Amino acid sequence: MSHNVYIARLLTDNIQNKLADVDGFTFDIGEIAPPSREELLSRVAGKDGAIVTLTEKIDEEFFAAAGPQLKVVANVAVGFDNIDLEAAARHGVTITNTPGVLDGATADHTFALLLAVCRRIVEADNFVGEGTPWIWGPRMFVGLDISAGATLGIIGLGRIGLAVARRAAAFDMKVIAADATRTVGEVVEGVEIVSQEDLLAASDVVSLHVPLLPTTRHLINADTIAQMKDGAYLINCARGGVVDEKALIAAIDSGKIRGAGIDTFEGEPNIDPELIKRPQIVCTPHTASAGEATRDAMGQLALDNVVAVLSGKEAVTPVRM
Ligand code: 8YV
C-alpha cells in the first residue's frame, strides 16, 4: 500500500525530480500558484500527508476536510503562523517546519536590505535609471556609515538572529540583542543581551527576527518607535504582523525612522501602497529565503519529515506546542 501525499505548491526542479524515487509514496502535486481554498480542501481529502507553504491556511476546516487518515503536515517554512497547532493536536496530526536550512539565506537577505537602505542603493539606482542629470556632489545620497561603529540591535537572537550578528560583526558593527527567552546581561557569541527598551534607545539599525505570536504582534508600534533613536533604521525579515505599518509610515514621514527594509507585510500578498511610495523604504516580496540551494534544502526537509512520519518514525523537525 502506498502513502498518498498532497504537495500544495510546485517546489524546485531538484525536489520534483526526486519524488519518483521515493518508494512506497505517490504524490499529488499542485501548481506554482497557490491552490484556491476549495482546491486545497478537496485535494487534501483522503491524503495521508501534506506538504504546504505559508500561503495555505491549515486550520480545523483543513483537518476535517482531509479526514482521519491524515498523519502529517510539513510546512516548507521555519515560521508556522499559518497553522493552527491546537487543531492539529486535536486531529492527531504531526506538524513539521524547516528550521536551520534557511538561516544563512535569510541572514544574507537581511544584510542586503540593511546595506541597501542605509546606503540608499535603490534610491540611487532609480535616480541613475531615470536618467536624472547629475554631477558629483558631497551631499549626494549620503547615508549611514555602517562600519564606523554603528550599532545593530537584533530583536530575537535565535539561529537567524545569530547569523545576522555574525555578518554585522564582519562589518565592524557593534551588535546587541533583546530576546524574551534569554537573560539580560547574558553574552551569546559575543552579543550582549539587553532589555528591549535599551536596545531601541541604543540602536542605529533595528532588525527583527522573532516569530509572529500574540506577544510579538505590533511589537514595533508608535510607542516602541518613540523609544528608538532619532533617525534609526528598521529591517523586518520576520513576519509582517510584527510591525504596525501605519506607525512605521508615520515615523518615516516625520524622519524619526530614516529608512526601512521590509520583506514581510501585514496584509500579504497585498502591500500597503503607502509603503511602496516612500523612497526610504525598500520592499522585497517575502524572498529572504529565496536561495537556490536553500529552497532545495527546505523542500528536502519537508519531504524527509513526511516520509519519516508516514514510515512510523520520529519527524526530523517536529513543531512542538
Ligand atoms: C519562506 C519564511 O519563504 O521560512 C519561513 O518562515 O518566511 C520563508 O522562508 C516561506 O515561509 C515559504 O512558506
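The values are calculated or read from the model by the stated rules, or taken from the named source; none is laboratory data. Everything quoted here is computed from the prediction, not taken from an experiment. Quick reminder, even Gly has a Cβ in these numbers, built from the backbone with ideal geometry, and neighbours come from all protein chains shown. What goes into the accessible areas is simple: the full protein's heavy atoms, side chains included, and nothing from ligands, DNA or RNA. Shrake-Rupley method; radii C 1.70, N 1.55, O 1.52, S 1.80 Å.
Miscellaneous remarks
- Sorting 67-75, 106-114, 250-258 by average packing, meaning the other beta carbons within 10 Å per residue, from highest down gives 106-114, 67-75, 250-258.
- Normalising by residue count, the chain has a Cα convex hull of 149 Å³ per residue.
- Net +/- balance of residues flanking residue 32 in space, Cβ distance below 13 Å, scoring K and R +1, D and E -1: 0
- Environment charge at residue 296 (Cβ cut-off 10 Å; Lys +1, Arg +1, Asp -1, Glu -1): 0
- For residue 234, the amide hydrogen comes within under 5 Å of the amide hydrogens of 206, 259, 260, 261, counting only partners 5 or more places away or on other chains and with H modelled in the peptide plane.
- Local net charge near residue 188, Cβ-Cβ under 11 Å (Lys/Arg +1, Asp/Glu -1): -3
- Cβ charges +1 (Lys, Arg) and -1 (Asp, Glu), total dipole of the chain, debye: 320
- Once the chain from residue 121 to residue 172 is taken as fully extended at 0.36 nm per residue, the excess over their C-alpha distance is 16.4 nm.
- Sequence ranges 276-287, 172-183, 238-249, 119-130, ranked by mean other-Cβ count within 10 angstrom, highest first: 238-249, 172-183, 276-287, 119-130
- With every protein chain in place, region 116-246: carbon and sulfur % of accessible area (1.4 Å): 55
- Bridge type composition, region 113-244 - antiparallel percent by DSSP, nearest 5: 10
- Based on C-alpha pairs under 8 angstrom that are at least 6 apart in sequence, region 1-116 has a relative contact order of 22 percent.
- J(HN,Hα) series, region 80-96, from Karplus relation 6.51 cos²θ - 1.76 cosθ + 1.60, nearest Hz, glycine and proline x: 9, 6, 7, 10, 8, 5, 5, 5, 4, 5, 4, 8, x, 9, 7, 10, 10
- Per residue, the average separation of C-alpha pairs within less than 8 Å and at least 6 apart gives region 57-126 a relative contact order of 30 percent.
- Simple rule: put +1 on each Lys or Arg Cβ and -1 on each Asp or Glu Cβ in region 89-177, find the dipole, and look at 175, 116, 143; the Cα lying farthest toward the positive end is 175.
- Residue ranking by accessible heavy-atom surface, 1.4 Å probe, largest first, among 29, 7 comes out as 29, 7.
- Phi-based couplings in Hz for region 4-14 (Karplus 6.51, -1.76, 1.60; Gly and Pro marked x): 10, 10, 9, 10, 5, 10, 5, 8, 6, 4, 4
- With Cα atoms as the point set, region 80-209 shows a radius of gyration and Dmax of 19.1, 66 Å.
- Gain upon complete extension [residue 57, residue 276; 0.36 nm per residue less C-alpha separation]: 76.2 nm
- Taken over the alpha carbons of region 168-250 as equal point scatterers, the Debye sum produces base-10 log I(q)/I(0) values at 0.14, 0.20, 0.26 Å⁻¹ of -0.47, -0.98, -1.48.
- Remark: the chain carries 47 Å² of accessible area per residue (probe radius 1.4 Å; ligands, DNA and RNA excluded).
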